[in-house]
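Colleague: This is the structure, below, for whatever I ask next.
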Amino acid sequence: MKEWNTTESGSKYRLFEERKNWDNAERHCQGFGAHLAIIDNEAKNTFVTNLINSSETSDFAWIGMKTKTTTQTSTPFTNFDAESPIDGCAVMDAKGVWSIRSCIQLRPFICQIIKSDISI
């Protein structure tokens, strides 16, 4: 069984190579007390990119973002490629670049347990 990878800040990440759509991937993460990974700075982007590169998957992996044409909130950090559509769910590739894809596609996914969510 694969282990969780811990950042210096104490958050934990794990790449699941089984393929699920975005909603089922999020539910799978919740079963571990986690959520799909929220990447809100360059350091986390690099950490998750390295996690993807150390795996056997060369595919995109779901991360914890859905987009809509109109949104009430803004995300301070993004790394989307220029060709991404506006509506859908976010995936990250092995170069750390994000794209938007149909949320019903089956893909590997990355779960995150934020340090404040980790019980001792």
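The values are calculated or read from the model by the stated rules, or taken from the named source; none is laboratory data. Everything quoted here is computed from the prediction, not taken from an experiment. When we count neighbours, we look across all protein chains shown, and the Cβ atoms used for this are built from the backbone with ideal geometry, even at glycine.
Colleague: Take the conditions modelled with pLDDT of 90 or more and either touching a helix residue (DSSP H, G or I) at 6+ places or on another chain (Cβ under 6 Å) or closer than 12 Å to Tyr13 by Cα (or both) and apply them to Ile38. Does it pass?
Modeller: The answer is yes for Ile38.
Colleague: Here are some conditions: (1) in contact with an Asp or Glu (Cβ under 8 Å, 6 or more places away or on another chain); (2) assigned to a helix (DSSP H, G or I). Ser55 meets all but one. Which one does it not meet?
Modeller: (2)
Colleague: Name the residue, out of Ile113, Ile100, that is in contact with a strand residue (DSSP E or B) (Cβ under 9 Å, 6 or more places away or on another chain), at pLDDT below 95, surrounded by 12 or more Cβ atoms within 10 Å (Cβ to Cβ) and among the β-branched types (Val, Ile, Thr).
Modeller: After ruling out the rest, the residue left standing is Ile100.
Here is a yes/no grid of residues against (1) of a type in the set (Ser, Thr, Tyr); (2) within 14 Å of Phe109 (Cα to Cα); (3) out of contact with any Gly (no Cβ under 9 Å at 6 or more places or on another chain):
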position: Tyr13; (1), (2), (3): yes, yes, yes
position: Glu17; (1), (2), (3): no, yes, yes
position: Ala34; (1), (2), (3): no, yes, yes
position: Ala37; (1), (2), (3): no, yes, no
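Colleague: Another question about this same structure. Find all pairs meeting these conditions: Cβ atoms under 7 angstrom apart; at least six residues apart or on different chains; first residue within region 7-28 and at pLDDT below 95; second residue acidic (Asp, Glu).
Modeller: Every condition considered, the pairs that remain are Glu17/Glu56.
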